[in-house]
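Report on the following structure.
The values are calculated or read from the model by the stated rules, or taken from the named source; none is laboratory data. All values reported here derive from a predicted model rather than from experimental measurement. Virtual Cβ from ideal backbone geometry, glycine too; neighbours counted across all protein chains shown. For accessibility, only protein heavy atoms count, side chains too; no ligands or nucleic acids. Shrake-Rupley method; radii C 1.70, N 1.55, O 1.52, S 1.80 Å.
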Amino acid sequence: MKERSWVEINLDNFRFNIRELKRFLLPHQGFLQIVKADAYGHGAYEIAKAALAEGAGYLGVANPEEGKLLRVQGITAPILILSPALKEEIPEIIKYKLVPTISDLTFAKALSKQSSEAGVVTPVHVKIDTGMHRSGFRSEDFLSSLKKLGRMPNLEIEGVFSHFAASETDEVFSLKQLKEFERILAQMDNKPKYIHLANSAALMHNNSWQTNLVRLGIMSYGVYTNREQQDKLALRSVMTFKSVLAQVKDIKKGEYVGYNLTWKAARDGRYGIIPIGYADGYDFLLSNQGSVIINKQVCRIIGKISMDMITVDLTSIDRAKTGDEVVLMGGGTNLLRAEQLAAKYDGSAYELLCQIGRRAKRYYFDKGRLVSQAPLSRREFVSTDYSDSKLGTIISSAINQRLQDEELADLINKEVLRGFFYNKDKDIQYRKDFVHTIQFIEDKDIKDYYVTKTRLQFRKVLQNDYFIVACANSDKLLKKYFLRKDVEYRWLMDTNFALHTEQFVVTKVMVKNYNLETTHNVKDSCLEIRCQHPSLSDLKGIEVDFIIETLTYYPKTSHQLSIYVTELTKGVSVKFEFPDVLKSVEVSSIFSGKDKYPIIKKTGNSLTISTNKQEWVFPNSGIIFSY
Ligand SMILES: *Cc1c(COP(=O)(O)O)cnc(C)c1O
């Protein structure tokens, strides 16, 4: 990693935590993975995928936007929106098949109305306020509200839930909430599919038998919310925040470090500068409080946390030098657990996880191997941040957005772009200055055939230290050579010929100024001519001129000659030269590209069809000469 700071996400540890937590699920319970706030800063998409693979039946997000982001990336699992949604967000909820939480009737009415207009029934979870007094229906209003909701035709009450106010600190109050929840449930005539109450901390103490779903959040990310949990289960930090030592400096006894002169050197020493600050989410309140780890040694933060820098004491640290890796949070040491760091300033581990690495990219490790990487969503779009498959998703959604037409966007993605991005290797090959000449010559000794000379010339980046010229006497046999990337020329031989090395001869083949050696070889009823030269290996990756000349025979009775443009080509010219007897040669072309109607030039004995040199011609273009 060469960045100023980065975040490593250990998916093995995440899975480990989920398995630890699952031990506390009751036999009939499943779990909902909370991935709100970009999965507490861990990256909602990757965490959602890992959680679903571990058996999560549901995902929880804070708002429709977060749900939409998961949908766009291909997550199809049910997604619950935990916070109250706004009326303005209803179209998105419907479009992306998200499940909103219902906490008031006005919103519910609007949702039912718009669902009806869209011809859908929207599943909802209804929230009961059992004592937290944040969102949800007050418990005394709940049953009557539920009745009204039940009469709204386009809503399906799929779930009922409540939330603990102090699951990690107040077992007694939590138990009161649990009893209140169960009391209300007992009065419900029809139980919905999902009933849920516990967050991760409540799983250990206040997990109601009446519920069949548990909402796992912070503990799945490896953070304890109280001390007793450590005796019950092991949790491993999933997130590690890292940076590098940017500078190492000396300091003299009595000198100060940082803003407001809050740290004074008690003796001569050394200190280091790390290029992250509170703007990177490293909390300001860790000033003179936090520690980092460099080369497995603990270094104390000295002075105030700046916006973009922190300073650490290196006086008793040996071997620390510029460029050394610095662990700021996580990394498998208890000292740097999010809850330990947050405790130093009486802060919240939840908040710390959400804010850490604001400028950082995330790297995902699975079984010790780097499996993917992603920028924080805050970062401006930079295409190199994304993997090929993710970029594919982004391109297709961008095209969709630009066209506002799903069907057309699908067509462009599947038919036009797939050839470039999905089916082939990453580098798209294309040809330039493509000039193809086909010459029919009368030979009085050969009655039924024209002697045929072809010359193909183009420029292209050399891929291999050899290439193949292929010839077959059926479309079917020739087909496989259209799929191969090492074939530069294909010729369809008349079916009357038994394929023989004398009926199709490569007379000259050049790359740059090298004359290539050719070896003719009949293989599976196809003629393969391998063209190679020892110097080609030095030209790989370089754009070079190709010349391929052949000599063959073409049946007079065919009356038709087809030439195909099989690769993306910039500038095409195809010339057909024919003997005097063929006076009435016609040409038709199927060109895909901007210029569908190339220029046709006719002289007494030739026909040339060409595009402008700068014009792109797409694969599957072709020209048919009839005589
Ligand atoms: C965030 C959230 C949770 C997860 O809580 P943790 O303490 O992180 O396990 C559960 N339920 C609701 C409604 C939430 O908003």
*For Asp308 and Leu335, compute 0.36 nm times the residue count separating them, minus their Cα-Cα distance, and round to one decimal in nm.*
7.4 nm
*Calculate the spin-label point distance for Glu406 paired with Ile441, positioning each point 7 Å from the Cα along the beta-carbon direction, and give it in nanometres.*
6.1 nm
*asked:* Need one number: nm distance between label points at Lys583 and Asp388, each 7 Å from Cα along Cα→Cβ, rounded to one decimal.
replied: 5.7 nm
*Considering amide H positions built from the backbone, and no H for Pro or chain starts, which residues 5 or more places from Cys526, or on another chain, come under 5 Å of its amide H?*
none
_Fully extended contour minus Cα-Cα distance, from Ser562 to Glu182, at 0.36 nm per residue_ = 129.0 nm
_Leaving out ligands, DNA and RNA, and with a 1.4 Å probe, what % of the accessible surface on the chain is carbon or sulfur?_
50 percent
*Efficiency by 1/(1 + (r/R0)^6): what FRET value for Ile395 and Glu615, r their Cβ-Cβ distance, R0 = 25 Å, to the nearest 0.05?*
0.55
*Round to the nearest 0.05 the FRET efficiency obtained for Ala234 and Lys95 when R0 = 41 Å and r is the Cβ-Cβ distance.*
0.50
*Express the relative contact order of the chain as a whole percentage, based on alpha carbon pairs under 8 Å and six or more residues apart in sequence.*
10 percent
*Would you please classify the overall shape of segment 171-262 from the alpha carbon gyration tensor, given that a ≥ b ≥ c denote the square roots of the eigenvalues, rounded means a/c under 1.5, and beyond that prolate means a/b larger than b/c while oblate covers the rest?*
prolate
_Residue-normalised accessible area of the chain, given per residue in Å² at a 1.4 Å probe_ = 49 Å²
*Accessible surface of Leu86 in the full protein assembly, 1.4 angstrom probe, to the nearest 10 Å²?*
100 Å²
*Taking a 1.4 Å probe, which of Leu492, Leu197 shows the most accessible area, and what order do the others take after it?*
Leu492, Leu197
*Report the extension gain between Val451 and Val172 in nm, rounded to one decimal, defined as 0.36 nm multiplied by the number of residues separating them, less their alpha carbon distance.*
90.6 nm
*Run the quick spin-label model on Lys249 and Glu88: label points 7 Å from Cα toward the beta carbon, then report their separation in nm to one decimal.*
4.6 nm
_Sparse-neighbourhood loop sites, trypsin sites (Lys or Arg not before Pro) in segment 431-467 - DSSP loop, at most 13 other Cβ within 10 angstrom_ = Lys444, Lys447
*asked:* For the chain, what does the helix formula give at 222 nm: sum of -39500 (n - 2.57) over DSSP H segments with n ≥ 4, over the residue count, nearest 500 deg cm²/dmol?
replied: -6500 deg cm²/dmol
*What FRET efficiency, computed as 1/(1 + (r/R0)^6) with R0 = 60 Å and r the Cβ-Cβ distance, is obtained for Lys594 and Gln210, rounded to the nearest 0.05?*
0.35
_Loop sites in segment 413-512: GluC sites (Glu not before Pro), DSSP, at most 15 other Cβ within 10 Å_ = Glu442, Glu502
